[in-house]
1. So what is the relative contact order of the range 94-250, in percent, for Cα pairs below 8 Å that sit 6 or more residues apart?
2. Can you compute 3J(HN,Hα) from phi for each residue in the range 197-212, using the Karplus curve 6.51 cos²θ - 1.76 cosθ + 1.60 with θ = phi - 60°, rounded to whole Hz and x for Gly and Pro?
3. How large is ³J(HN,Hα), in whole Hz, for each residue of the range 59-72 in order, when computed from phi with the Karplus curve 6.51 cos²θ - 1.76 cosθ + 1.60 and θ = phi - 60°, using x for Gly and Pro?
4. Can you give the net charge of the other residues whose Cβ lies under 14 Å from the Cβ of residue 233, counting K and R as +1 and D and E as -1?
5. Taking amide H atoms as placed 1.01 Å from N in the peptide plane, list the residues 5 or more away in sequence, or in a different chain, whose amide H sits under 5 Å from that of residue 146.
6. Could you identify which residue out of 175, 184, 63 has the top mean-square fluctuation in a GNM of the chain using Cα springs shorter than 10 Å?
7. Report the net charge of residues surrounding residue 55, where surrounding means a beta-carbon distance below 14 angstrom and charges are Lys +1, Arg +1, Asp -1, Glu -1.
8. Rounding to the nearest 20 debye, state how big the charge dipole of the range 192-284 is about its Cα centre with +1 on each Lys and Arg Cβ and -1 on each Asp and Glu Cβ.
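Here, each number is a calculation from the coordinates, and none is a lab measurement. Keep in mind that what you see is a predicted model, and the values were worked out from it rather than measured. Positions of Cβ are generated from backbone atoms using ideal geometry, with glycine treated the same way; all protein chains shown enter the neighbour counts.
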Amino acid sequence: MFVSLTLTVACSHNKKKSVLTLSGAFAIYPTAIAWGEEFQKSNPGAKIEVSAGGAGKGAADCIAGLVDIGMVSRDPDPSELAKGITAIPISQDGVFVIIDEKNPFSNKIVEKGFTREILYNLYINKKKLTFEEILSIPMEKNFSLNVYTRSDSCGAAATFAKFLGNFKQENLDGIGVNSDPQMINAVLNDSNGISYVNFSYAFGKDGKVFPEVKVVPIDANGNGMIEENEKISSREDAIKTINSSNYPISRKNYFFVKGNMKESVKNFISFCLSDKGTSILNECGTSIPLPEEERKEIQNRIK
């Protein structure tokens, strides 16, 4: 899937505009458009072109010199940095495991949560775990979980694989589907299904979990229960656990830039990290701002 939007403003006196191009992660795309629109208002000589095609495309386009900025919703790979990429953090969020609320064991699963070991066995070890094994309770009818994963190169899969033990997306087992919406549809159409989605798809701007879906908390310390600081039943809970570093599948989102940074690129990134850019990020609701101190430090670093 490829989505492209070109943002333009009227140009007085027919002056040639300075064009800045971005491509990549769907998780960053809506905010990048909003940033571009606002940036052009105060910089009438600028033209921002934004396209979405996934984190893998954003990284590849930047490395190939096809765009000024690659939007990447995962940590940079050492091989990418070796090709002259500078990775600049611009926001943060997380990846969340979901199941269908119609699953007859959904409430028990949410109460108990998933450990890293359970997810490792499902996604890396290719083990067909049953609900009886996961919940440690005997059942008359015992069903196995059906595992779904992303088939397209994306930051969510890369982040999830890294959480399971520094693996890569290609190490993840499961039925491959394309995009966050399809990962949601997979579990909605399969009450025994399990998948994972980006923050912006797990929770709506109203703060609620996506309709008919349950987010499964992570039992980070493996004590067999979900403690108060591990509970995730709303967007507010997710933000709180990410900001407090309690959520283990959190991540930073990046702008990739290759080689020496152009002045126009510096100005745009600095705007995105500014107080105004942060307010736009909050309005879009697709990611979470970096702490103010970190934002200011990055701004000073790229001057």
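1. Details: 286 pairs, mean separation 54.2, N = 157.
Relative contact order here is 35 percent.
2. In residue order, the calculated couplings are 9, 5, 3, 5, 9, 6, 10, x, 5, 6, x, 8, 5, 3, x, 6 Hz.
3. 5, 5, 4, 5, 4, 7, x, 7, 9, 6, 9, x, 9, 10
4. Working: positive: 208, 214, 231, 235, 240; negative: 101, 111, 206, 227, 228, 230, 236, 237.
Net charge in that neighbourhood comes out at -3.
5. Under 5 Å from the amide H of residue 146 lie the amide H atoms of 193, 194, each far enough along the sequence or on another chain.
6. 175
7. Values: positive: 57, 74, 150, 162, 168, 251, 252; negative: 61, 75, 77, 80, 93, 152, 180.
Summing Lys and Arg as +1 and Asp and Glu as -1 gives 0.
8. Working: 12 positive and 11 negative charges, 105 e Å.
Roughly 500 debye for the range 192-284.
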